[in-house]
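Engineer: Okay, here's the structure, questions in a sec.
The values are calculated or read from the model by the stated rules, or taken from the named source; none is laboratory data. Computed from a predicted model, the values in this text were never measured in an experiment. Positions of Cβ are backbone-derived with ideal geometry, glycine not excepted, and every protein chain shown enters the neighbour counts.
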Amino acid sequence: MKVALVHEWLTVIGGSENVFKEIASLYPEADIYTLVARDETIMKLGLSGHKVTTSFIQKMPFSKTKYRSYLPLFPLAIEQFDLSDYDLIISSSHAVAKGALTNSNQVHICYCHSPIRYAWDLHHQYLKETGLHKGLKGFIAKYLLHRIRQWDIVSTNRVDHFVANSKYISRRIKKIYGRESTVIYPNVATEDFKPVFEKKDFYVTCSRFVPYKKIDLIVSAFAQMPDKTLYVIGEGPDFKKVSRLATPNTILLGYQPFDVLKKYLGEAKAFIFAAEEDFGILPVEAQACGTPVIAYKKGGAMESVIENETGIFFNEQSAGAIKSAVERFDVSSLCFNYNDIVKHAAGFSTERFKKEILSYINNKINKDNFS
C-alpha cells in the first residue's frame, strides 16, 4: 500500500507539526508533500528518512519565512501535487492540505486541526490586525478570502473521512463543511514531564506573543495584583506591546529552552491560559507536571481541563475576569490533588494518540474494502 502524507508547511515546529510527526512515524515508507519546508525542521522532526516534495512556493522569494504572504496561491499549490499513484492519502490540515486532489480509487483521511481560521471565524479579526479592513488593499484582501472560502468548501469533497482534534473543532467541521468527524485528541508528550508536588509562590504562562493568545490581558491582570508574581515565557510580534504593560511583579523571560519551560511549569502554583484554542497543548503539559490550569472557558481547554479538579475557568477574555479567577484560585488551590491532575494529563499521551489514530485508519481502510 502506497501512502502519501500531506501537511501545509514544515518550517517551524508547533502542535500540528508534532501530530504530523507521529502520524509519519506510523508509515516510515510514506512520501511527504508540503508547500514549503526547511531542512533543519525536517531533521528535528525526524522526517529525514521520508521523500519530501515541496510546491512551487518553495522557490518564491523569502518563502521559508514569509510563506503566509503567498496565501492566495496556497489552493493552486496544493493541487499541483500528483498523488495519483498512492492508495492512501493522510492530510494534516489547518489550511489547505485537505484540498490535495484525489480520485475515487483512493482513500483520503484528513486529520483536521481547524478549518482555515483566518478565512472563517477569525476573518474580521485577521483583517483588523493586519490593517486590511478598509481601503483598496482591504477590498482585495476581502475578495481573496472570499475566494478561499469558496475553494475551501469545494475541496471538502476530496476528503473521505475527517478526524477532528477536539469536539470544539468537530462542531466547526460540521457547521462549515457539513461533515461528520471523529474526535482523536492530539498527542502531548506527557512522558517528557515530571510531576512536581512542591509548588512555589508564582504563576506562569507561555505562548507565542500574537494577539489571539491574549498575553496582554494576562499581564494587565497581574498589574492589578502587585502581590502576585507572574513569569511569562515566549516571544513574538506583540512582545513590545506586552512589555509596556508589564509591572515589576511580571517577569518576561522571552524564549526559553525546553528544560527551563519544564521547570517553570512544574514549580508554578498554576498555569494561566487565556486563548480560545482549537485544543491547546500547553495546558495539558502543565497538568502533566501536576500544575492546575486557570483557563478561558471556551475552545479546547474545556476538554482538557476538568473544572475544580484539574483547574478552574473564567468566562470572558478580560483582565478583570482573569484577576477574579486568580483570586478565586488562591482560595481553593489547596483543594487540588496533584496526583489526580497528572493522571488526567496522561490520557492525552503520544502512545494513546498513535494507538487511536492507527486503529481509526485501519478500520476505515477495511470498511472501504481497501487493502
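Engineer: Is it the case that S25 is under 22 Å from the mean Cα position of the chain (by Cα), hydroxyl-bearing (S, T, Y) and either within 20 Å of A164 (Cβ to Cβ) or in a loop (DSSP other than H, G, I, E, B) (or both)?
Structural biologist: When the stated conditions are applied, S25 does not pass them.
Engineer: Taking the stretch 43-66, which residues are of a type outside the set (A, V, I, L, M) and crowded, with 20+ Cβ neighbours inside 10 Å?
Structural biologist: Passing the criteria: S55, S63.
Engineer: Name the pairs: first residue in the stretch 263-285 and under 11 Å from G15 (Cα atoms) and not assigned by TED's automatic domain parsing to the domain that holds R171, second residue aromatic (F, W, Y) and not in a helix (DSSP H, G or I), Cβ to Cβ under 9 Å, at least 6 apart or on different chains?
Structural biologist: From residues that are under 11 Å from G15 (Cα atoms) and not assigned by TED's automatic domain parsing to the domain that holds R171, the pairs are F279/Y185; G280/F273; I281/F348; L282/F271; L282/F273.
Engineer: Do we have any residue at all in the stretch 209-217 that's touching a residue at least 12 places away in the same chain (Cβ under 8 Å), surrounded by fewer than 17 Cβ atoms within 10 Å (Cβ to Cβ), among the hydrophobic types (A, V, I, L, M, F, W, C) and in contact with a Leu (Cβ under 9 Å, 6 or more places away or on another chain)?
Structural biologist: no
Engineer: Please state which of the following conditions Q224 fails to meet, knowing it meets all the rest: (1) over 30 Å from I78 (Cα atoms); (2) buried (at least 18 other Cβ atoms within 10 Å of the Cβ); (3) among the polar types (S, T, N, Q).
Structural biologist: Going through (1) over 30 Å from I78 (Cα atoms); (2) buried (at least 18 other Cβ atoms within 10 Å of the Cβ); (3) among the polar types (S, T, N, Q) one by one, Q224 breaks only (2).
Engineer: Would it be correct to say that K323 is in a helix (DSSP H, G or I), in the same structural domain as D121 (by TED's automatic domain parsing) and either farther than 23 Å from D121 by Cα or in contact (Cβ under 8 Å) with a residue 40 or more places away in the chain (or both)?
Structural biologist: no
Engineer: If you check every pair at least six apart or on different chains, which have Cβ atoms under 8 Å apart with a residue in the stretch 229-241 that is at positive phi first and a residue that is modelled with pLDDT of 95 or more and assigned to a loop (DSSP other than H, G, I, E, B) second?
Structural biologist: From the stretch 229-241, no pairs qualify.
Engineer: Right, next: Take the stretch 79-118 and flag every residue that is basic (K, R) and buried (at least 22 other Cβ atoms within 10 Å of the Cβ).
Structural biologist: Hit for the stretch 79-118 is K98, nothing else.
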